[in-house]
1. Would you mind stating whether Glu101 is over 20 Å from Gly115 (Cα atoms) and of a type in the set (Asp, Glu)?
2. Looking only at residues in the range 88-99 that are out of contact with any Phe, Trp or Tyr (no Cβ under 9 Å at 6 or more places or on another chain) and over 19 Å from Glu56 (Cα atoms), which one is surrounded by the most Cβ atoms within 10 Å (Cβ to Cβ)?
3. Return the total of residues in the range 40-71 being at pLDDT below 85, farther than 22 Å from Ser124 by Cβ and either surrounded by 13 or more Cβ atoms within 10 Å (Cβ to Cβ) or not polar (S, T, N, Q) (or both).
4. Applying the selection to the range 100-130, what residues are farther than 17 Å from Met62 by Cβ, part of a loop (DSSP other than H, G, I, E, B) and polar (S, T, N, Q)?
5. When you scan the range 72-87, how many residues do you find that are in a strand (DSSP E or B) and either touching a Leu at 6+ places or on another chain (Cβ under 7 Å) or exposed (fewer than 13 other Cβ atoms within 10 Å of the Cβ) (or both)?
6. Quick check on my filter: what residues within the range 109-118 are in contact (Cβ under 8 Å) with a residue 24 or more places away in the chain and closer than 18 Å to Ala50 by Cβ?
Amino acid sequence: MSASAAKWSMVCHLDLGNGKGRVVSVESAGSDFRVTELPVDTDALGDFPAMFLGLEDAQALMMDRDSKVISKQAEFPQEAFAAYAYPDRQQDHVWFMYDGEKGSGCDRLNCGEKGSSVTIIDKSKQPPEVLATLCVGRGIM
């Protein structure tokens, strides 16, 4: 049995509910740790904030919710949000759940007033590919 510590990394999206999110990565190589915070882009505002998917090559992997284009960005858009991610390891897909907007619980862009959305992404593609966006739930009752 080896006594050496394993190498690992994790990414954390911090959002205090004030629309000012941050992304921090923590990496460990044995007993050495490195914490890196992605710079924040305070000019990236829009009607439909981008969805944070993760980090790749020390850049934010973002999806434009309108066009469904996935891109890498050196800075984290301040108004972006991190959706809940559920990996499907059998198919190399990730299901991203969006709870909808505060108050209504609806994803106005993709579902109107009929509920929130689930976006399925194939992470085996380069760049990752959006397979579908599904509407679920009823939103406001």
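The values are calculated or read from the model by the stated rules, or taken from the named source; none is laboratory data. Source: prediction; values computed, not measured. So basically every Cβ, Gly included, is an ideal-geometry build from the backbone, and we count neighbours across all protein chains shown.
1. Working: over 20 Å from Gly115 (Cα atoms): no; of a type in the set (Asp, Glu): yes.
Taking the combined requirement at face value, the residue does not satisfy it.
2. Pass one, the range 88-99, residues out of contact with any Phe, Trp or Tyr (no Cβ under 9 Å at 6 or more places or on another chain): 89-93.
Imposing the further condition that a residue be over 19 Å from Glu56 (Cα atoms) reduces the set to 90-91.
Working: Gln90: 6, Gln91: 12.
So, considering only residues that are out of contact with any Phe, Trp or Tyr (no Cβ under 9 Å at 6 or more places or on another chain) and over 19 Å from Glu56 (Cα atoms), the one surrounded by the most Cβ atoms within 10 Å (Cβ to Cβ) is Gln91.
3. 9
4. Selection gives Ser104, Ser124.
5. The initial filter retains those residues of the range 72-87 that are in a strand (DSSP E or B), namely 72-73, 76-77, 81-82, 84-87.
Still in the running and either touching a Leu at 6+ places or on another chain (Cβ under 7 Å) or exposed (fewer than 13 other Cβ atoms within 10 Å of the Cβ) (or both): 72, 76, 84, 86-87.
Of the residues in that region, 5 qualify.
6. Quick first cut of the range 109-118, residues in contact (Cβ under 8 Å) with a residue 24 or more places away in the chain only: 109-111, 113-115.
Scanning the range 109-118 gives Leu109, Asn110, Cys111.
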